[in-house]
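The values are calculated or read from the model by the stated rules, or taken from the named source; none is laboratory data. The structure presented is a predicted model; accordingly, all values stated were derived computationally and were not measured. For neighbour counting, all protein chains shown are included, and Cβ atoms are generated from backbone atoms with ideal geometry for every residue, glycine included.
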């Protein structure tokens, strides 16, 4: 089956290239469980990343809201220059076409009903 990393119960099976997401996924899971008393899923991870990404862009832009045109340009530049973002749903650098990688992982149910990476 194909899943987003945030929907994998056992994060130890994540491939090495997306292992940094495990820390963020766990943070989202704990927060959702504490506040809403239900497990988090990819939708929660997506929303969390959107807020985290936006906050990071605004912090890096350091735009003065009284200078609207200049602020817009600084925010635009901060958006397209994002590098090394690690979230619970997406991670990586913003590409030249203004996209960011959303990892999708192939897993299978292996021995003893444990999740394993599919080859």
If you check every pair at least six apart or on different chains, which have Cβ atoms under 7 Å apart with a residue in segment 1-22 that is without any contact (Cβ under 8 Å) to a residue 60 or more places away in the chain first and a residue that is crowded, with 19+ Cβ neighbours inside 10 Å and in a loop (DSSP other than H, G, I, E, B) second? 22/14
Is it the case that residue 92 is under 30 Å from residue 1 (Cα atoms), free of Cβ contacts under 8 Å to residues at least 24 places away in the same chain and surrounded by 15 or more Cβ atoms within 10 Å (Cβ to Cβ)? yes
Have a look at 51, 6, 71 and point out the one that is under 12 Å from the mean Cα position of the chain (by Cα), in a helix (DSSP H, G or I) and surrounded by 13 or more Cβ atoms within 10 Å (Cβ to Cβ). 6
Taking segment 14-35 and the residues there that are crowded, with 17+ Cβ neighbours inside 10 Å and in contact with a strand residue (DSSP E or B) (Cβ under 8 Å, 6 or more places away or on another chain), the one that is modelled with the lowest pLDDT would be 14
Residue count for segment 74-89, restricted to those that are over 25 Å from residue 19 (Cβ atoms) and surrounded by fewer than 16 Cβ atoms within 10 Å (Cβ to Cβ): 3
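With the structure loaded, tell me whether residue 79 is more than 27 Å from residue 117 (Cβ to Cβ) and at pLDDT 95 or above or whether it fails that test.
It is false that residue 79 is more than 27 Å from residue 117 (Cβ to Cβ) and at pLDDT 95 or above.
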Would you say residue 38 is outside any helix (DSSP H, G or I) and farther than 20 Å from residue 109 by Cβ? yes
Scanning segment 89-99 residue by residue, those at pLDDT below 90 and in contact with a helix residue (DSSP H, G or I) (Cβ under 8 Å, 6 or more places away or on another chain) turn out to be 98
